[in-house]
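Shown next, in structure tokens, is the structure this report addresses.
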Amino acid sequence: MSKPKMNAMERLYLPEIFKGLAITSRHFFINLGLHSLHKLGLAKAREAMVTISYPEVRRPYPLVARSRHRLTQRQDGTAKCVACMMCATACPAECIYIEAEEHPDPLIEKRPASFDIDMSKCVFCGFCVEACPEDAIRMDTGHFEMAYFDRKDLIYDMNFLLNDDPYAIKKEDALVLASDKK
Amino acid sequence: MNFSEINPIFIQIAGHLAKVTFIMSVVMTSGLILSWVERKQSAIMQDRIGANRAAIVIPFLGWRFPLWGLIHNLADALKGIVKEDFVPPKANKFLHILAPFMACFAATAAFAVLPFGGQVQIGQVVIPLTIMPSQVGVLFVFALLSIGVYGVVVAGYVSDNKYSTMGALRASAQVISYEVATGLTILGALLTYETLDFRKIVEWQHTHTTLGFLPGWGVFHQPLGFMLFFVATLVEMKRVPFDLPEAESEIIGYFTEYSGMKFMLFMMAEFIESLLFAWVIVLIFFGGWNLPGLNMPAQGGTTNWMWMQLGYWQVVMLQMTAMASKIVILCWLQMLVRWSLPRFRYDQIMHLGWKIMLPLALANLVVTAIVQVALK
């Protein structure tokens, strides 16, 4: 790689250093002034920093962001899942474990007896959501922090997935399914 | 209270104790304060918040006092004390423990000859505001800085680690090379002042003017000398952009085998050195405690400065505040440089030291000498 040619002023080195110092000290004084104004309750509209104080303040995630799974419900509160195994088949990480049983309603063939997702294996690819013919599994809860002291806690069962409380998505947008809206 | 009734010897002793206490508390806390300044200033420069998590928490009430990140320094100190104090099995234990103290001692002891104000008169006793007023103060500071290198060399050599030894070699080569430049850049100013006594240097700057209208501060009649000395001191204190001896992010430095409080002593020595150099620069190039036009009144008298009429003690306090503000501004400038510029390559540092700064310093010295002779 050839070095870029420098002109005489740049080769003197000091003028360029002073330019750099001017930029950093400008940032310093502007931000210091803004911080002081904020303490006095002024100029709140202008941010003095780009930092988001993470656990207290969360950056808004886009609606298409794939987060922890949840199972959608019928109007009576049971799972919409029909245990067709499409998601378990599509899953490249093989982290979905479904046991099927007969549904009491003769119009519906099957329902899951148990539906476990092993979050320690999940790669958050979203293939299960794409594969589902019933819109029974979604990845829109907005939960990303899944840290536990025991690996067993990372295996989510059906009860948990059905009642997961999404906070990133507004309830009225997320919980009401398109088919239920009619 | 009438001071003339007290035996002067008591006033002398009390004065000495007060001076030592003052300097020691300033120097020892400077490591803490400067590391806070470093964190917060870099954060504000880079549009970040900086350290704000550590806090004094009052349980059950849920009150938190982060105190603008100052608590982080206490947390650091606590961590340094309780951390394992590791000595490599084949290292020389005695020298391994001695090295950080050598580095810290040299930087701290130099403050003995640095004045922090003019002189105060209590009763019949005149107390100069220096722990040890010395005819050869400048030489004393430079001698102690040369000793400071030994701490670094010993630390790298006795660690029983090749990379530490190489880091120590880099450090000693860099510091010793730049001692030549540091000494020569300051010679022009010393030639003008015709003394090595810090108090007389400051006095000279107060009683003379540059070109008839500027204050007689060194920065005005020795601008090149100031620039070169400032850069040379940045190299001497081994901080970015000249932190090759340490280079925490890439290459391994001389204190790799140090942990806990001994490691922090090296860091503290660096911060104390940065305060020391800011102090020396203020004394030699920024007129010390002087403000333009502010003269010391006689005991009990007053003097006019700008729109104010100031008494004796007011002037003493104003001068000490002026001195402290100048030092703070210079420390800020050092931090600004440290967080703005990328690191030099090793050959670039040597090139800058031997081929650029040394000839410039010599030229500065020769020109100053000719001008001095011509003016006489």
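Values quoted throughout were computed directly from the atomic coordinates according to the rules given, and no laboratory measurement underlies them. The model shown is predicted, which means the values in this text are computed figures rather than measured ones. Counting neighbours? That spans all protein chains shown, and the Cβs are built from the backbone with ideal geometry, glycine included.
Here, P(r) means the percent of Cα pairs in each 10 Å bin from 0 to the largest distance; for the protein assembly as shown it is 3, 13, 18, 18, 16, 11, 8, 7, 4, 2, 0, 0. Here the stretch A:1-65 is assigned +1 on the Cβ of each Lys and Arg and -1 on the Cβ of each Asp and Glu. Its dipole about the Cα centre then comes out at about 100 debye.
Each part gets one Cα centre, and for the stretch B:86-139 versus the stretch A:36-68 those centres are 47 Å apart.
Rounded, prolate or oblate: which fits the stretch B:189-232, taking a ≥ b ≥ c as square roots of the Cα gyration tensor eigenvalues, rounded meaning a/c under 1.5, else prolate when a/b beats b/c?
oblate
The 3J(HN,Hα) values that the Karplus relation (6.51, -1.76, 1.60; θ = phi - 60°) gives for the stretch B:354-366 are, in residue order, 8, 9, 10, 6, 5, x, 5, 5, 5, 4, 4, 5, 5 Hz. Gly and Pro appear as x.
Distance distribution note for the stretch B:161-243: the fraction of Cα pairs above 19 angstrom is 49%. By the Stokes-Einstein formula, at 1.002 mPa s and 20 °C, chain B with its Kirkwood radius over alpha-carbon pairs has D equal to 95 µm²/s. Across peptide A:48-57, the mean count of Cβ atoms from other chains lying within 10 Å of each residue's own Cβ comes to 3. Dividing the Cα radius of gyration of the stretch A:1-134 by its Kirkwood radius returns 1.34 for Rg/Rh.
Please tell me the relative contact order of chain A in percent, rounded to the nearest whole number, where contacts are Cα pairs under 8 Å and at least six residues apart.
Reported as a whole number, the value is 21 percent.
Springs between Cα atoms under 10 Å define the GNM used for chain B, and in it the highest mean-square fluctuation of B:340, B:172, B:30 occurs at B:340.
The helix-based estimate of mean residue ellipticity at 222 nm for chain B, built from -39,500 (n - 2.57) per DSSP H run of four or more residues and divided by its residue count, is -20500 deg cm²/dmol to the nearest 500. Fully extending the segment from residue B:65 to residue B:343 would add 96.4 nm, taking 0.36 nm per residue of separation and subtracting the current Cα-Cα distance.
Shape class of the stretch A:35-80 from the Cα gyration tensor (axes a ≥ b ≥ c, square roots of the eigenvalues): prolate, since a/c reaches 1.5 or more and a/b is larger than b/c. Taking N as the residue count of the stretch B:1-134, its C-alpha radius of gyration divided by 2.2 N^0.38 Å amounts to 1.52.
Need the list of lysines near residue A:80 for cross-linking: C-alpha distance under 29 angstrom, and skip anything on the same chain fewer than eight residues off. The qualifying lysines are A:110, A:121, A:152, A:170, A:171, A:181, A:182. If you take all other residues with their beta carbon under 14 Å from the beta carbon of residue B:330, and give Lys and Arg +1 and Asp and Glu -1, the sum is +2. Loop sites by DSSP among the GluC sites (Glu not before Pro) of chain A, restricted to those with at most 13 other Cβ atoms within 10 angstrom, leave A:1-46 as the longest stretch without any of them.
Amide H to amide H, with H built 1.01 Å from N, residue A:137 comes under 5 Å of A:72, counting only residues 5 or more places away or on other chains. The stretch B:305-376 and the stretch B:16-85 have Cα centres separated by 28 Å. Each of B:79, A:152, B:262 has some number of other Cβ atoms within 10 Å of its Cβ, and from fewest to most they run A:152, B:79, B:262.
Summing Cβ point charges (Lys, Arg +1; Asp, Glu -1) relative to the Cα centre of the stretch B:46-142 gives a dipole of roughly 260 debye.
Farthest towards the positive end of the charge dipole of the stretch A:19-147, among the residues A:133, A:65, A:43, is the Cα of A:43, using unit charges on the Cβ of Lys, Arg, Asp and Glu.
Taking other residues whose beta carbon is less than 15 angstrom from the beta carbon of residue A:132, and scoring Lys, Arg as +1 and Asp, Glu as -1, yields +3. Whole-Hz ³J(HN,Hα) for each residue in the stretch B:253-269, computed from phi via Karplus 6.51 cos²θ - 1.76 cosθ + 1.60 with θ = phi - 60°, x for glycine and proline: what do you get? Rounded to whole hertz, the list is x, 6, 9, 4, 8, 9, 9, x, 5, 5, 5, 5, 5, 5, 4, 5, 4.
Sequence-distant contacts, meaning Cα pairs under 8 Å at least 6 residues apart, place the relative contact order of chain B at 20 percent. With a Förster radius of 51 Å applied to the beta-carbon distance between residue B:210 and residue B:6, the computed FRET efficiency rounds to 0.75.
Placing unit charges on the Cβ atoms of the charged side chains and taking the dipole of the protein assembly as shown about its Cα centre, the candidate lying farthest along the positive direction among B:276, B:213, A:93 is B:213. Each Lys or Arg adds one and each Asp or Glu subtracts one; over the other residues with Cβ under 15 Å from the Cβ of residue A:36, this totals +3. My understanding is that a pair violates if its Cα-Cα distance is over 30 Å; which of B:40/B:93; B:90/B:238; B:19/B:262 do that in this structure? Beyond 30 Å: B:40/B:93.
Taking the Cα centre of the stretch A:1-154 as reference, the dipole from Cβ charges on Lys and Arg (+1) and Asp and Glu (-1) amounts to some 1480 debye.
Per residue of chain A, what 222 nm ellipticity follows from adding -39500 (n - 2.57) for every DSSP H run with n ≥ 4, rounded to the nearest 500?
-7500 deg cm²/dmol
Taking the stretch B:95-114 and a reference point 7 angstrom along Cα→Cβ of residue B:20, the backbone N atoms nearer than 13 Å belong to B:112.
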